[in-house]
1. Is it fair to say residue 363 is buried (at least 16 other Cβ atoms within 10 Å of the Cβ), at pLDDT 95 or above and out of contact with any Ser or Thr (no Cβ under 6 Å at 6 or more places or on another chain)?
2. When you scan the stretch 79-90, how many residues do you find that are part of a loop (DSSP other than H, G, I, E, B) and either β-branched (Val, Ile, Thr) or over 14 Å from the mean Cα position of the chain (by Cα) (or both)?
3. Are there any helices (runs of 4 or more DSSP H) wholly within the stretch 136-204 with 2 or more residues that are modelled with pLDDT of 95 or more and either β-branched (Val, Ile, Thr) or surrounded by fewer than 22 Cβ atoms within 10 Å (Cβ to Cβ) (or both), and if so which?
4. Which one of these does residue 7 not meet: (1) modelled with pLDDT under 55; (2) buried (at least 20 other Cβ atoms within 10 Å of the Cβ); (3) assigned to a loop (DSSP other than H, G, I, E, B)?
5. Could you identify the single residue in 247, 285 that is among the acidic types (Asp, Glu), within 24 Å of residue 223 (Cβ to Cβ) and either assigned to a helix (DSSP H, G or I) or touching a residue at least 40 places away in the same chain (Cβ under 8 Å) (or both)?
6. Take the residues in the stretch 219-244 that are modelled with pLDDT under 95 and of a type outside the set (S, T, N, Q); name whichever of them is surrounded by the fewest Cβ atoms within 10 Å (Cβ to Cβ).
7. Specify which of the listed residues (348, 302, 261) is closer than 24 Å to residue 178 by Cβ, touching a Pro at 6+ places or on another chain (Cβ under 6 Å) and of a type in the set (A, V, I, L, M, F, W, C).
8. Just to be sure, is residue 318 assigned to a loop (DSSP other than H, G, I, E, B) and buried (at least 21 other Cβ atoms within 10 Å of the Cβ)?
Amino acid sequence: MALWILCLLVVLGMGFNMVSGQGEDPFGPEGGRRREMVPAMFIFGDSLIDNGNNNDLPSFAKANYFPYGIDFNGGPTGRFSNGYTMVDEIAELLGLPLIPAYSEASGDQVLHGVNYASAAAGILDITGRNFVGRIPFDQQIRNFQNTLDQITDNLGAVDAAQALARCIFFVGMGSNDYLNNYLMPNYPTRNQYNGQQYADLLVQQYTQQLKTLYNLGARKFVLAGLGRMGCIPSILAQSTAGSCSEEVNQLVLPFNANVKAMLNSLNVNLPGARFIYIEIAHLFEDLIANSKIYGFSVVNRACCGIGRNRGQITCLPFQTPCENRDQYVFWDAFHPTEKVNIIMARKAFNGDTSIVYPMNIEQLANIDIEPN
C-alpha cells in the first residue's frame, strides 16, 4: 500500500473504505495538482494559522465574518487575515491542497492533513481564558491523538509509523502566552515570574508537548518563532508616540532563545527527529527595513481596525478595510496581511539559515526518515 495513502488515513479518525487504484494519487499530476513533496501536513498553533476551528466555539476569538477573508476565494472562513495564512502558502509550495480545519474536516477533505490551530490558544492551558472558548496546545495534541489512535487500530502501528515519518508537523505556539496571559493585568503571571523564568516555564512545557507528538510518530517538525510583538498595532496603540514597545520585544527574546536551544537538543536526543526553526522576528525586521522594496507603504498601522494605529479595537464585522491591502504589513491589530504571510512562507520554504535553521522546509520535506 502506498505510503501516502497510509499517511492520509491517519487523519480520518474513522474507518476509510479503500477504493480501486489504491496505489494511485488522485491529487498527483494526472489529477491536475503538482507533485506532492510530502503526504500530508498537520498544523498546530494559534490565530496566526487558525482557519476556522473557533467558528463554532463559545469564543470571542473568531474571524468568520467580513471583512476577514475579503481576498480569500470563498470569503470569510475563520482565518485571521484578508486572505492566505502562512501555512496556506506552505501547503501550496509542498504541492498539497489547502489543509482543512479539524472542526470542519470530513471525508476526502482530510486526505492531506488537518489544521488543529485555535485562536487564543497557548502552550499553557490557562492562556487566552479572556476569550472563553479556545483549544490549547495540549487539547490540539489530544485531538490529533484521538484520530491517530482510531486509524492505528485499523492499519497497525508499523504502517502508521512509516507514513507519519514522512509528514510535516507545523507548530506555531507562544504568542498568546505573552499577549493573552503574561501581559494581561488580570493574570497573576507577571507577578510570579520574570521574563527569563516565564520563558523557561513555557519551553519546559513546550518540550514535553513536542515529545508527545514525537512519541505519536511525528518526525519532521517546523517550529515558528515569535515575531517582534512589541511592534504590532495593538501594542503600538498603547504608546502615545505610536512607537514599538522595546519592553515587549525584549520580553520574548528569551523564549526564542530557549526554543532554539530546545530544538538543538531534540535534534540530538530524539532518534530520527528533524526540527527546524523559522526566524519570524528576523523576517519581520527584514520586511520593515526593506519595506519599499517589498512594496509596503504602511508598516505601523492596521488595514482594518479602530483607534490609534487602528489597533485599539481590532477589525469589526462589516467594517470597511483599507483598499490598498498589499501595501500594508498588518491586516488587523494583531495579524499580518496575506501578502506578508505569503512572503514569509516562501522565505521559510527555500531560504537560507539566517531565516530558517538548520535547513529550510523544502530540504526537510526531501529528507527520507525511517521511523524508529
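1. no
2. Of the residues in the stretch 79-90, 3 are part of a loop (DSSP other than H, G, I, E, B) and either β-branched (Val, Ile, Thr) or over 14 Å from the mean Cα position of the chain (by Cα) (or both).
3. 137-155, 189-192
4. (3)
5. 285
6. 241
7. 302
8. It is false that residue 318 is assigned to a loop (DSSP other than H, G, I, E, B) and buried (at least 21 other Cβ atoms within 10 Å of the Cβ).
The values are calculated or read from the model by the stated rules, or taken from the named source; none is laboratory data. All of these numbers come straight from a predicted model, not from anything done at the bench. Virtual Cβ from ideal backbone geometry, glycine too; neighbours counted across all protein chains shown.
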